[in-house]
Amino acid sequence: MVYLANDNIITSIGQETQEVFVKYRSRNFRHKKDHSFGHLTKAPLSIIDFERVSSELAIIYPEILFTRFESIAILSLYKALLEADFDIRSKKTLFILSSTKGNIELLKKDKSFTDDLYLQNTARKIADIFGFVNPPLIICNACISGVLAIIAAKRTIEEGTYDNVVITGQI
């Protein structure tokens with residue numbers, strides 16, 4: 001049997017699971033409009049409050065600079081692990097990074113490929129920050145990445161390879 005122990009959600013509505021659900025249920029939220037798509041002015045696009053993400057992350061990791069993708073993944077993972085009742089540094093714990101696009105915003109800034117563009121580098125960076133000892137598993141397969149990560153986690157637990165699996169990601 002596999003159970004979900006902890007979770008966290010960072011969306012344009014809020015940055016913690018409880019906050020998102022409370023605002024969503026009460027319909028008490030406003031999306032911060034994203035105007036970076038010029039010609040799509042009537043599309044219902046919204047963005048995560050990245051200033052809030054950055055300021056919260058700066059309190060936790062004041063000496064480290066992160067990309068946008070890394071910041072969101074790390075902050076969400078940090079919040080989800082606050083009440084974890086298992087050892088993330090155990091050989092029986094796997095870390096999975098799930099993403100549809102990773103650090104794709106770096107392509108816009110610099111046309112050359114940097115080390116931060118490769119998901120294996122991002123996954124290793126996140127794993128090192130939290131102290132995971134096993135090599136991270138990366139699942140990147142379009143919009144189904146999150147579901148595939150959950151399926152992979154379930155299978156590795158059921159087959160006895162790992163007792164716990166921690167997943168973070170971004171679509």
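The values are calculated or read from the model by the stated rules, or taken from the named source; none is laboratory data. Since the model is a prediction, treat every value here as computed from it, not as a measurement. Every residue, glycine as well, gets a Cβ built from its backbone with ideal geometry; the counts of neighbours run over all protein chains shown.
Looking at the stretch 50-66 only, could you name the residues that are in contact with a Phe, Trp or Tyr (Cβ under 9 Å, 6 or more places away or on another chain) and either of a type in the set (Gly, Ala, Ser) or loosely packed, with under 10 Cβ neighbours inside 10 Å (or both)?
SER54
Would you mention how many residues in the stretch 73-99 are in contact with a strand residue (DSSP E or B) (Cβ under 6 Å, 6 or more places away or on another chain) and of a type in the set (Val, Ile, Thr)?
2
Which of the residues spanning the stretch 34-49 are surrounded by fewer than 12 Cβ atoms within 10 Å (Cβ to Cβ) and either of a type in the set (D, E, K, R) or modelled with pLDDT of 85 or more (or both)? It would help to see each step written out before you state the result.
If we filter the stretch 34-49 for residues that are surrounded by fewer than 12 Cβ atoms within 10 Å (Cβ to Cβ), which is where we start, we get 35-44.
Once the filter is applied, which keeps residues that are surrounded by fewer than 12 Cβ atoms within 10 Å (Cβ to Cβ) and either of a type in the set (D, E, K, R) or modelled with pLDDT of 85 or more (or both), the stretch 34-49 yields only LYS42.
In the list ALA127, ALA123, ALA152, ALA84, which residue meets the criterion of being of a type outside the set (Val, Ile, Thr), within 17 Å of ASN8 (Cβ to Cβ) and touching a residue at least 12 places away in the same chain (Cβ under 8 Å)? Lay out the reasoning, then the answer.
Working: ALA127 fails: within 17 Å of ASN8 (Cβ to Cβ); ALA123 fails: within 17 Å of ASN8 (Cβ to Cβ); ALA152 fails: within 17 Å of ASN8 (Cβ to Cβ).
Just one listed residue meets the conditions, ALA84.
Yes or no, residue by residue, for (1) of a type in the set (Lys, Arg); (2) surrounded by 19 or more Cβ atoms within 10 Å (Cβ to Cβ); (3) more than 17 Å from THR67 (Cβ to Cβ):
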position	(1), (2), (3)
THR122	no, yes, no
VAL133	no, no, yes
PRO136	no, yes, no
THR161	no, no, yes
ILE171	no, no, no
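What residue, among those in the stretch 1-19 that are of a type outside the set (S, T, N, Q) and modelled with pLDDT of 85 or more, is farthest from PHE50 (Cα to Cα)? Before the answer, list the steps.
Of all residues in the stretch 1-19, those of a type outside the set (S, T, N, Q) come to 1-5, 7, 9-10, 13-14, 16, 19.
After this cut, where a residue has to be modelled with pLDDT of 85 or more as well, the list is 7, 9-10, 16, 19.
On the way: ASP7: 20, ILE9: 14, ILE10: 10, GLU16: 14, GLU19: 16 Å.
Ranking the qualifying residues of the stretch 1-19, first place goes to ASP7.
Here is a check on your reading of the model: is ILE138 modelled with pLDDT under 95 and out of contact with any Cys (no Cβ under 9 Å at 6 or more places or on another chain)? Give the steps one after another, and end with the answer.
Numbers: modelled with pLDDT under 95: no; out of contact with any Cys (no Cβ under 9 Å at 6 or more places or on another chain): yes.
No.
Within the stretch 46-61, can you find the residues that are of a type in the set (Ser, Thr, Tyr) and assigned to a helix (DSSP H, G or I)? Steps first, answer last, please.
Let us first name the residues in the stretch 46-61 that are of a type in the set (Ser, Thr, Tyr), namely 46, 54-55, 61.
Selection gives SER54, SER55.
If you take the residues of the stretch 155-171 that are assigned to a loop (DSSP other than H, G, I, E, B) and in contact (Cβ under 8 Å) with a residue 60 or more places away in the chain, which of them is farthest from GLY131 (Cα to Cα)?
Of the residues in the stretch 155-171, the ones assigned to a loop (DSSP other than H, G, I, E, B) are 159-163, 171.
Restricting the remaining residues to those that are in contact (Cβ under 8 Å) with a residue 60 or more places away in the chain gives 161-163, 171.
On the way: THR161: 19, TYR162: 16, ASP163: 17, ILE171: 24 Å.
Among residues in the stretch 155-171 that are assigned to a loop (DSSP other than H, G, I, E, B) and in contact (Cβ under 8 Å) with a residue 60 or more places away in the chain, the one farthest from GLY131 (Cα to Cα) is ILE171.
Residue-by-condition table, conditions (1) in a helix (DSSP H, G or I); (2) modelled with pLDDT under 90; (3) of a type outside the set (Ser, Thr, Tyr); (4) over 17 Å from ASN6 (Cα atoms):
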residue: PHE66; (1), (2), (3), (4): no, no, yes, yes
residue: LEU97; (1), (2), (3), (4): no, no, yes, no
residue: GLY102; (1), (2), (3), (4): no, yes, yes, yes
residue: ILE150; (1), (2), (3), (4): yes, no, yes, no
residue: ALA153; (1), (2), (3), (4): yes, no, yes, no
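Quick check on the stretch 1-25: of everything there that is assigned to a loop (DSSP other than H, G, I, E, B), of a type in the set (Ser, Thr, Tyr) and surrounded by 14 or more Cβ atoms within 10 Å (Cβ to Cβ), which residue is nearest to the chain's Cα centre (by Cα)? Step through it out loud before you land on a result.
Step one: of the stretch 1-25, the residues assigned to a loop (DSSP other than H, G, I, E, B) are 1-16.
Okay, now just the ones that are also of a type in the set (Ser, Thr, Tyr), so 3, 11-12.
Next, only the ones that are surrounded by 14 or more Cβ atoms within 10 Å (Cβ to Cβ) stay: 11-12.
On the way: THR11: 11, SER12: 14 Å.
Checked the stretch 1-25; the qualifying residue nearest to the chain's Cα centre (by Cα) is THR11.
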